[in-house]
Amino acid sequence: MKTRIALLAAGLATGLWGLWTLVHTVELRAITRLPIWLAGAVIADDFLLIPLTVATGWLVTRWSTGPGHHRTVGALRTTLLYVGITTLIALPLLLRQGTGANPTILPRDYLRDWLLLEATIIAVGVISAARSRGRGPRRATSADAGRGSRALRRVRRVPRCE
């Protein structure tokens with residue numbers, strides 16, 4: 001119980017410090033625009049990202065019902081997840097590049113860097129899917145046989161009703 005109270009106190013202190021920092025460092029006009037921005041984020045999440053994620057998951061699941069496709073589903077889902085996450089992280093940099101009064105704030109070619117990152121993620125995903133698809137069915141070993149016989153010995157017998 002003491003640990004929970006300590007964690008609660010630490011969380012409250014961190015939250016209050018964040019609120020104090022927000023109020024003292026951000027202009028009042030910007031604070032009033034914050035709820036609008038947060039509402040936009042919720043709407044974009046609920047009406048764009050979640051349906052897109054569900055549709056992609058549905059398509060991957062439909063595709064994976066084919067023969068031999070079940071081995072590549074994990075690699076495909078992981079690749080899509082990483083591509084989506086890195087795109088969401090890079091999107092503000094891609095949209096704001098070259099704008100503003102100070103050209104040294106965003107000096108790099110973020111589009112090129114993002115495309116290279118996505119190409120690397122996709123290449124690793126394709127290699128992983130090819131490796132998992134190239135593996136045949138798992139062969140039974142002597143360890144598997146021993147495990148099976150032990151499992152048979154552990155089966156409880158149901159008492160007979162006479």
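Mind giving me the FRET efficiency for Thr61 and Leu111? R0 is 30 Å, r the Cβ-Cβ distance, nearest 0.05 is fine.
Numbers: r = 32 Å, r/R0 = 1.08.
E(calc), rounded to 0.05, equals 0.40.
Indicate the gyration tensor shape class of the stretch 1-114 (rounded, prolate or oblate), computed on the Cα atoms with a ≥ b ≥ c the square roots of the eigenvalues: a/c under 1.5 is rounded; otherwise a/b larger than b/c is prolate and the rest oblate.
Numbers: a/c = 2.33, a/b = 1.38, b/c = 1.69.
It is oblate, given that a/c is not under 1.5 and a/b is not larger than b/c.
Placing +1 on each Lys and Arg Cβ and -1 on each Asp and Glu Cβ, with no other charges, gives the stretch 1-97 a dipole about its Cα centre of roughly 240 debye.
Model label points for Ile122 and His24, set 7 angstrom from Cα along the Cα-to-Cβ axis, are 4.8 nm apart. With R₀ fixed at 35 Å, the C-beta to C-beta distance from Arg71 to Ile50 puts the FRET efficiency at about 0.80.
Considering only the Cα atoms of the stretch 1-49, their convex hull presents on average a projected area of 5.0 nm².
All of the numbers you see were taken from the coordinates with simple rules; none came from a lab. The structure displayed is predicted, hence computed values, not measured ones. No Cβ is skipped: glycine too gets one built from the backbone with ideal geometry, and neighbour counts run over all protein chains shown.
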